[in-house]
Each structure stands twice: as structure tokens, then as C-alpha cells.
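Report on the structure given below.
The numbers here are math on the coordinates, done by the rules we state, and not lab data. Predicted, not measured: the structure shown is a model, and the values here were computed from it. A quick note on method: Cβ atoms are made from the backbone with ideal geometry, for glycine too, and the neighbour counts reach across all protein chains shown.
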Amino acid sequence: MSAASLEVRSLAASRGPVNLFSGISFRLSGGEALCVRGANGSGKTTLLRCAAGLTRPDAGEVQRDADFIYAGHLAGIKDDLTAEENLRFALRLRAVDAPVPAIAEALRAVGLESRRALPARRLSAGQRRRIGLARLALDPAPLWILDEPLTALDGDGEQLFAQGLARHLGRGGLALIATHHDLGSGTTKPQELRL
Ligand SMILES: Nc1ncnc2c1ncn2[C@@H]1O[C@H](COP(=O)(O)OP(=O)(O)OP(=O)(O)O)[C@@H](O)[C@H]1O
């Protein structure tokens, strides 16, 4: 992986009359993760959207030197596509060409082998989330910007995520993650930013 980085300088954002945050600065480079924490409505999603270039901040700058995945908290799973089709579709949108055996292996690794041909509407909330985990495993983007990736996942799913994150950081990837959950995974426990 090349030297990827994400730098945020003096970022400020408001929604209507409410000032959500100001003076937010941080820099992430290869192997680093930052976990954004804060109460409901404190601005975590807004901060991630600014980092991804989806929302314009009131002030400050975002410099991204990395191809990235942005996964919003609704996960973007389409009900009428199967688990496998959802995975292929998400990868196609990102122009990632994953070979058939790699897709099968990624679905197996997240426990969806026997569910791969079911329409997503017949999957549980956690199983839908697991499609997102398989996607993370197959997309080579160095920067992950993830909003609540652990919602609906059981303990086993949380562990799968932690392992995937550790692998990603170990390969020189970086991650900006908003969550209410504990991401502590031994040596890869991320730094925290509290809004
Ligand atoms: N498109 C929008 N228009 C107006 N206000 C918005 C918009 N999006 C978010 N807000 C407001 O901005 C504030 C911050 O929202 P945001 O989604 O960034 O919070 P959050 O920290 O991610 O919350 P949660 O923990 O509930 O996911 C909230 O008060 C919300 O109502």
C-alpha cells in the first residue's frame, strides 16, 4: 500500500443554528485508526461526511491522500439483491474486480455461505451488516471511513470486524470510525476523538 494519509485541519460544522464542532484537527497515516465518539446528535456523522467530501464544513480543510470507502450507517444494502449480488454490486461501484473464488471465500468468512443466494430482505440485520464486512475484506481502498459499522453485529461479528480492522491497519491502511461500541482489539486499539 502506498503512503496514504488523511489530514483534517481546524474543521468546524454546524447544522442550522447549532454549532456541532469547531477546531477539529487530526492526521492519520498508514496503520492508524481514529475512533470518533460522542452522544447522539453530537456530529459524528457530519464529521465523517466532511472527511469523505460529502458535506462542506463551515471552516477548515480536509486533505485526503488515499482512495477510500465511505460506509454510512444504513449500510446501503439492496433488498431485492442477494447477499452475493449486493457484494458484487458494491464492488462494481468501486471498480473493484474480485475473482469468483475470492467473493465466495469472503462470504464464507463472514458466515454467509449458506445465505449467499437469498434476497437481502430475507437476511437478519446482522447478516446484512456482514455483507459490509465481506466488502471491506475485498476492497483494497487504504482509507476506511465507517459510520457505526458494528450496529446489529453479535459478539462474533464484532470480533470479525476487529480482526478485519487489525489486518487492514497491519497492511498500512487507515480508518476513521464513528461508533458507540468498543473497538478495543489489543494492539490495534484506536485513538479516540470525543465530540
Ligand atoms: N441534513 C440535515 N439537516 C439538518 N440537520 C441535520 C442534518 N443532518 C444532521 N442534522 C443535525 O445535525 C446534528 C448532528 O447529526 P449527526 O448525524 O452528525 O450526529 P451523530 O453524532 O452522528 O449522531 P448519532 O449518534 O445519533 O448517529 C443532529 O442534531 C441532526 O439533527
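Okay, here's what the table says:
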| item | result |
| --- | --- |
| Given charges at beta-carbon only (K, R positive; D, E negative), |dipole| of segment 78-140 in Debye | 240 |
| Computed magnitude of the charge dipole of the chain (debye, nearest 20; Cβ of K, R +1, Cβ of D, E -1) | 240 |
| Anisotropy class of segment 94-189 from Cα gyration tensor, a/c 1.5 cut | oblate |
| Sites matching trypsin sites (Lys or Arg not before Pro) across segment 104-194 that sit in DSSP coil, with at most 10 neighbouring C-beta atoms within 10 Å | none |
| Sorted by Cβ neighbour density within 10 Å, fewest at the top, the residues I131, I24, I103 | I103, I24, I131 |
| Crossing angle, helix 100-109 versus the chain [Cα axis fit, 0-90 degrees, rounded to tens] | 80 |
| Shape call, segment 78-140: gyration tensor on alpha carbons, a/c limit 1.5 | prolate |
| Residues T45, T151, sorted so that the one with the fewest Cβ neighbours within 10 Å comes first | T151, T45 |
| Net charge of neighbours whose Cβ lies under 12 Å from the Cβ of Q63, counting Lys and Arg as +1 and Asp and Glu as -1 | 0 |
| Cβ-based charge dipole, the chain, positive-most Cα from T45, I103, L136 | T45 |
| Fewest-first sequence of H73, H180, H168 by Cβ atoms within 10 Å of each Cβ | H180, H73, H168 |
| Hydrodynamic radius by Kirkwood, which averages 1/r over all alpha carbon pairs of the chain, in angstrom | 17.2 |
| DSSP-defined beta bridges in the chain - what % are antiparallel, rounded to 5 | 45 |
